[in-house]
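The values are calculated or read from the model by the stated rules, or taken from the named source; none is laboratory data. Predicted, not measured: the structure shown is a model, and the values here were computed from it. In this analysis, Cβ positions are derived from the backbone assuming ideal geometry, glycine residues included, and neighbour counts consider all displayed protein chains. When the accessible area is computed, the model is the full protein with side chains, heavy atoms only, and any ligands, DNA or RNA have been set aside. Shrake-Rupley method; radii C 1.70, N 1.55, O 1.52, S 1.80 Å.
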Amino acid sequence: MIISTKKGTPQVELDRIVDNFEKMGLSVTIIRGTDYNVFGLVGDTTKIAEKDVLANPWVENVTRVSAPYKRANRLFHPQDTVIDVRGIKIGGNNPIVVMAGPCSIEGEEHTLKLARAVKEGGATFLRGGAYKPRTSPYSFQGLGTEGILDMVKARTETGMPIVSELMDEVHIPEFEAYVDIVQIGARNMQNFQLLKAVGKMHKPVLLKRGLANTIEEWIMSAEYIMAGGNEQAILCERGIRTFETATRNTLDLSAIPVVKEKTHLPIIIDPSHATGNFKYVETMALAAVAAGADGLEVEVHDNPQCAWSDGAQCLKPDKFAEMMEKCRKVAAAVGREM
Ligand code: PEP
Ligand code: MN
């Protein structure tokens, strides 16, 4: 971190600044100019926020030279993180994983039927929401525990591990017992209390990018989970809010190379929430595979018109299988299996 002070800053203020940072365990190098002074801070500056330094009226400018995250930072962990879920490896050069299933779990029979269908199409995980973050309080809120148990039955029959969204800390024991990957939804990406709680869990966490969050804020949220001791963070880009209204969100595919450069964590793309329209899902899934995604999360429903949520973006099982077929070809072209 580099800090410059204003012209005419008294010596006593300069000494105080140095003293403060040294007390924080940082070493401070001063470059003295005729009018201005520049301080170079060396050490762990992750605890220092630029805006707090700027609270000192003698400080002119603050520049961070290293990222504010440590555990997620590729600089300190050059090799890709690989997460093992019941023998399926996510990240590195492992085969691209696919999490597929309905937006909301709609009962045992239906879940089994869809689980068989997506497995047939080549899915590696069954996804499904039992606790749903709905914009309207009057919309279907999810089957709760019953939905989680429906997914467990589908796992027993198909062998596919299950991915489901956690919205409230009170459900952590249930998720520890039954769920293989804990999803933190876009709306909770900065629910820091929840992030701290999943940081104490013993399950991988699929952290979706917030509706209007920068990549750095998203990585900082992964850092919360990792700082709690849970190193098994997986990032999921699901589209962000822009001025564009032709799609539900705007898929930020450039997040793939950026996340891979800055972190060692696996990245999954969700083309369903990103586009909000089944017609565009396949195209964006192909693009994600070409761009180096470690996996996809795709909503699938046998009767989208009657889905309990997000029907407009659900692929029917036959379309999902077609998409998978094409994705495998793209994966092979970029040197990945799927
Ligand atoms: C979901 O996966 O069903 C979901 C609600 O996703 P997001 O948090 O990305 O909107
Ligand atoms: Mn959904």
- Between GLU216 and LYS196, what FRET efficiency follows from the Cβ-Cβ distance if R0 is 22 Å, with the result rounded to 0.05? 0.70
- Estimated FRET transfer efficiency (GLN305, ASN61; beta-carbon r; R0 56 Å; 0.05): 0.45
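On a full-extension model of 0.36 nm per residue, what is the gain between GLU157 and THR145, subtracting their alpha-carbon distance, rounded to one decimal in nm? Can you show the working numbers first?
Numbers: separation 12, 0.36 × 12 = 4.32 nm, distance 1.87 nm.
Roughly 2.5 nm would be gained on extension.
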- Message: Quick check: pseudo-label points 7 Å beyond the Cα along Cα→Cβ at ALA332 and GLU169, how many nm apart are they?
- Response: 5.0 nm
- With each run of n ≥ 4 DSSP H residues scored as -39500 (n - 2.57), what mean residue ellipticity at 222 nm is computed for the chain after dividing by its residue count and rounding to the nearest 500 deg cm²/dmol? -10000 deg cm²/dmol
- Solvent-accessible ranking of TYR138, TYR69, largest area first, probe 1.4 Å: TYR138, TYR69
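What is the local net charge at LEU149, summed over the other residues whose Cβ is closer than 11 Å to its Cβ (Lys, Arg +1; Asp, Glu -1)? The partial results should precede the final answer.
Working: positive: LYS153, ARG155; negative: GLU108, GLU146, ASP150, GLU174.
Summing Lys and Arg as +1 and Asp and Glu as -1 gives -2.
Within the chain, which is the longest segment that contains none of the GluC sites (Glu not before Pro) sitting in a DSSP loop with at most 11 other Cβ atoms within 10 Å? Write down the numbers at each step before the final one.
Numbers: sites that count: GLU244, GLU337.
Result for the longest clean stretch: 1-243.
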- Query: Of all the stretches in the chain, which is the longest one without any exposed loop site, taking trypsin sites (Lys or Arg not before Pro) in a DSSP loop (any state but H, G, I, E, B) with at most 16 other Cβ atoms within 10 Å?
  - Reply: 242-338
- Query: So if we plug the beta-carbon distance of THR135 and ALA287 into 1/(1 + (r/R0)^6) with R0 = 25 Å, what FRET efficiency do we get, rounded to 0.05?
  - Reply: 0.35
- Within segment 2-24, what residues put their amide N at less than 13 Å from the label point 7 Å along the Cα-to-Cβ vector of ASP35? 5-9
- In whole angstrom, note down how far apart the Cα centers of segment 235-257 and segment 76-113 are. 21 Å
- Query: Gain in length, GLU325 to SER4, computed as 0.36 nm per residue apart minus the alpha-carbon separation, to one decimal in nm?
  - Reply: 109.9 nm
- Whole Å is fine, so just give me how far the alpha carbon centre of segment 283-321 lies from that of segment 1-39. 54 Å
- Candidate aspartates and glutamates for bridging to LYS70, where Cα separation is under 17 Å - those fewer than 8 sequence places away on the same chain excluded: ASP44, GLU50, ASP80, GLU216, GLU217, GLU223, GLU231, GLU261
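If you average the sequence gap of Cα pairs under 8 Å that are 6 or more apart and divide by the length of the chain, what percent do you get for the contact order?
On the way: 704 pairs, mean separation 53.8, N = 338.
Once normalised by length, the contact order is 16 percent.
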- Task: Treat each spin label as a single point 7 Å out from the Cα along the C-beta direction, and report the ALA177 to MET24 distance in nm.
- Result: 4.5 nm
- Task: Only loop residues by DSSP count here, and only those with at most 13 other Cβ atoms within 10 Å; note down the chymotrypsin sites (Phe, Trp or Tyr not before Pro) in segment 193-265 that meet that.
- Result: PHE243
